[in-house]
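These notes are about the structure you will find just below.
Please treat every number below as a calculation from the coordinates, not as lab data. No experiment lies behind these values; they were computed from the predicted model shown. Quick reminder, even Gly has a Cβ in these numbers, built from the backbone with ideal geometry, and neighbours come from all protein chains shown.
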Amino acid sequence: MDIRNCVSVITGGASGLGEAMVREMVENGGKVAILDFDTEKGEKLSKKLGDAVIFCMTDVVAETSVQKAIDDTIKAFGAIHIAVNCAGVGTPRKVIDKKGNPMPIDFFTELIQINLVGTMNVIRLSAVQMLKNTPNRDGEKGIVINVASVAAFEGQIGQAAYSASKAGVVGMTLPLAREFADHGIRCNTIAPGIFKTPMIADLPEKAQEALSEMMPFPKRLGKPSEFAMLARQIIENPMINGETIRLDAALRMSAK
């Protein structure tokens, strides 16, 4: 699909991987709705990038919140062609703590709600709009790109909840691609390794160096722009469908 004149909704688009994706789309002639909970960052980025971008304060778990963002996007730009799900949380927590207490089930539920249910919430409401698009010469009407993590495959100690949520995103990728095939909508997932997002950038320099040393090659943290580069290739290459693509410099996470 040609990014020019395409309209994207990008969750978590106010910072990190999502922000890089927003910038990539705008630089290549697309229009973007930033769906994010951080009003200050979202409005600031939207204002900076101009008329091709709107900000929609969005709670991805809440149906009414996502539907309003979808409606506002249609009102502003007339269609939705691409949905990119970058919103997520990754707070670590052991199932049994040092005192022998179990993880609060609310912690597990909330993480699953945001990372997995929130992703599906945006997919289903965006896909309804994609069905209305005029197909291109390949019959394509829309694209969904989800964000998982290498933790879906090699979760570390303390990542049981996070890994479960991201494994769920991986697990629904192929079934969605198969279901959406008749509608001309592709679905793919990117599973990043360790990228220099704001969360990582806030760590002490020594901690960042230790993380870099874990990377086989290149021996550094990933750049958000490199995530956006892959996402762009997924959008532009019609044969990429139903795939989960690791983007991790050959990293395989240790137990801790």
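Round to the nearest 0.05 the FRET efficiency obtained for T109 and K75 when R0 = 22 Å and r is the Cβ-Cβ distance.
Computed FRET efficiency for T109 and K75 comes out at 0.10.
Of the beta bridges DSSP finds with both residues in region 1-153, what % are antiparallel, to the nearest 5?
5
Tally Lys and Arg at +1 and Asp and Glu at -1 over the other residues with C-beta under 13 Å from the C-beta of G13: what net charge comes out?
On the way: positive: R23, K31, K41, K44, K48; negative: E19, E24, D36, D38, E43.
Net local charge, G13 excluded: 0.
From the cross-link list K132/K166; K41/K94; K47/K75; K31/K68; K206/K256, which pairs have alpha carbons spaced over 23 Å apart? Let's see the in-between values first.
Numbers: K132/K166 30 Å; K41/K94 31 Å; K47/K75 18 Å; K31/K68 18 Å; K206/K256 17 Å.
Checking Cα-Cα distances, K132/K166; K41/K94 exceed 23 Å.
In region 7-247, how does Rg compare with the Kirkwood Rh, expressed as the Rg/Rh ratio over alpha carbon atoms?
On the way: Rg = 17.7 Å, Rh = 18.3 Å.
The Rg/Rh ratio comes out at 0.97.
Would you be so kind as to identify which of Y162, I70, N5 lies farthest towards the positive end of the dipole of the chain, taking Lys and Arg as +1 and Asp and Glu as -1 on Cβ and the Cα centre as origin?
Y162
So if I place +1 on the C-beta of Lys and Arg and -1 on the C-beta of Asp and Glu, and nothing else carries charge, what would the dipole magnitude of region 204-245 be about its Cα centre? I want it in debye, nearest 20. Numbers along the way, then the final one.
Values: 5 positive and 6 negative charges, 16 e Å.
Taking the Cα centre of region 204-245 as origin, the dipole is about 80 debye.
Rounded to the nearest 500, what is the 222 nm mean residue ellipticity of the chain from helices alone, with -39500 (n - 2.57) per DSSP H run of 4+ residues and division by all residues?
On the way: 9 runs with 106 residues, N = 256.
Computed mean residue ellipticity for the chain: -13000 deg cm²/dmol.
From the gyration tensor of the Cα coordinates in region 136-196, what semi-axes in whole Å does the equivalent ellipsoid have, largest first, with each one equal to sqrt(5λ)? Write down the numbers at each step before the final one.
Details: eigenvalues 161, 29, 7 Å².
Values for region 136-196, descending: 28, 12, 6 Å.
Rounded to two decimals, what ratio of Rg to Rh does region 107-256 give with C-alpha atoms and a Kirkwood Rh? The partial results should precede the final answer.
Numbers: Rg = 16.7 Å, Rh = 16.6 Å.
For region 107-256, the value is 1.01.
Suppose R0 equals 22 Å; then what is the FRET efficiency for T91 and A210 from their Cβ-Cβ distance, rounded to the nearest 0.05? It would help to have the intermediate numbers written out before the result.
Details: r = 20 Å, r/R0 = 0.91.
Once the sixth-power term is evaluated, E becomes 0.65.
Can you tell me the dipole magnitude for the chain around its Cα centre, using point charges on the Cβ only (Lys, Arg +1; Asp, Glu -1), in Debye to the nearest 20?
Dipole magnitude for the chain comes out near 360 debye.
Kindly rank 161-172, 128-139, 14-25, 86-97 from highest to lowest mean number of other beta carbons found within 10 Å of each residue. If you can, show how the numbers build up before the last one.
Values: 161-172: 20.6, 128-139: 12.8, 14-25: 24.8, 86-97: 16.2.
Ranking the peptides 161-172, 128-139, 14-25, 86-97 by packing returns 14-25, 161-172, 86-97, 128-139.
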